[in-house]
Amino acid sequence: MTDHILIERHGAVQIIRMNRSEKKNALTRAMYATMSAALTEGDADPSIRVHVFLGVPGAFSAGNDLTDFLAVATGAGGGNEVWDFLMALANSQKPIVSGVDGIAVGIGTTLNLHCDLTFATPRTVFRTPFVDLGLVPEAGSSLLAPQILGLQGAFALLGLGEGISAERAVRAGLIYDVVEEDGLEGAVLAAAEDIAAKPPEALKIARDLMRGPRDGLVARIREEAEHFRERLQSDEARAALVAFMNRKKAR
Ligand code: COA
């Protein structure tokens with residue numbers, strides 16, 4: 001457990017809140033572990049019908065903690081926490097709603113590709129600088145983003161690392177709606193409560209039909225993870241991670 005993830009309950013809605021504002025919600029291994037447990041335990045608990053992901057004002061998530069990436073890059077780290085989280089997300093049995101405000105980098109963007117409804121504020125920018133970091137797309141984004149955005153839209157997001165505004169993300173079908181900051185959490189909760197009030201068996205069948213079998217997605221996440229692990233050891237990634245760590249010293 002970590003205080004950087006807060007688990008709250010609103011009736012049948014489980015809220016998983018990323019709460020490490022001092023680091024813009026960069027995700028540590030402990031945070032992934034707590035989020036995986038919440039998803040799998042929530043899936044097994046009949047009193048929970050919907051999962052919700054939220055961040056803090058101005059930051060949904062700045063992505064994986066780059067100190068953790070650097071530890072792997074230098075042979076000093078490892079662990080299955082990210083993998084376990086991605087499996088819990090890809091295999092989730094219950095609808096997921098997310099509310100995104102501000103920073104949404106890396107997994108802060110790709111997590112939403114697994115959500116059933118995402119609301120974002122006008123100041124939100126979705127960005128995945130994997131290639132700039134010497135890395136490759138993760139969380140099944142190399143499969144899901146082209147399905148949603150088409151090949152060129154996906155290339156701009158995942159290859160160029162181009163930021164996508166909330167307005168553009170709605171038009172592209174990447175997210176469901178744009179909501180002003182002061183209405184974000186209300187809109188997310190209202191949608192989650194609507195979902196929770198639906199007949200759960202019919203909703204589960206409908207959701208499973210829309211998503212189809214998960215095997216292809218899981219296989220892609222595995223393939224991405226193999227490349228990702230290899231890339232973390234590369235000179236390109238090491239140089240980019242060290243440059244991030246040193247950027248404030250250079251100012
Ligand atoms: N990993 C580790 N620490 C991170 C982080 C990350 N992914 N993102 C932000 N932080 C830390 C910063 O180092 C800083 O820590 P410090 O105050 O101890 O120096 C703190 O969070 C605040 O970040 P800062 O960069 O000062 O905020 P900002 O508003 O100027 O910029 C970002 C925010 C997200 C644009 C910028 O921090 C960034 O580019 N982060 C890296 C994002 C990334 O590449 N993620 C991985 C994707 S695969």
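Miscellaneous remarks
- Of everything listed in (1) in a loop (DSSP other than H, G, I, E, B); (2) within 16 Å of the ligand (Cβ to nearest atom); (3) surrounded by 20 or more Cβ atoms within 10 Å (Cβ to Cβ), the single unmet condition for Leu174 is (2).
- Here is the figure for the range 94-121: residues that are polar (S, T, N, Q), in a strand (DSSP E or B) and within 16 Å of the ligand (Cβ to nearest atom) total 0.
- The set of residues in the range 186-236 that are among the acidic types (Asp, Glu) and more than 28 Å from Trp83 (Cα to Cα) comprises Glu193, Asp194, Glu201.
- Test: Ala145 is without any contact (Cβ under 8 Å) to a residue 40 or more places away in the chain, more than 23 Å from Val72 (Cβ to Cβ) and more than 16 Å from the ligand (Cβ to nearest atom): no
- Qualifying residue in the range 122-129 (condition: modelled with pLDDT of 95 or more, away from the ligand (no atom under 15 Å from the Cβ) and touching a helix residue (DSSP H, G or I) at 6+ places or on another chain (Cβ under 7 Å)): yes
- Boolean, Leu149 is assigned to a helix (DSSP H, G or I), of a type in the set (A, V, I, L, M) and out of contact with any Asp or Glu (no Cβ under 7 Å at 6 or more places or on another chain): yes
- Among the conditions (1) away from the ligand (no atom under 13 Å from the Cβ); (2) surrounded by fewer than 22 Cβ atoms within 10 Å (Cβ to Cβ), the only one that Gly134 does not satisfy is (1).
- Residue match in the range 70-88 (condition: aromatic (Phe, Trp, Tyr) and touching a Pro at 6+ places or on another chain (Cβ under 7 Å)): no
The values are calculated or read from the model by the stated rules, or taken from the named source; none is laboratory data. None of these values were measured; they are calculated from a predicted model. Reconstructed Cβ throughout: ideal geometry from the backbone, glycine too, with neighbour counts over all protein chains shown.
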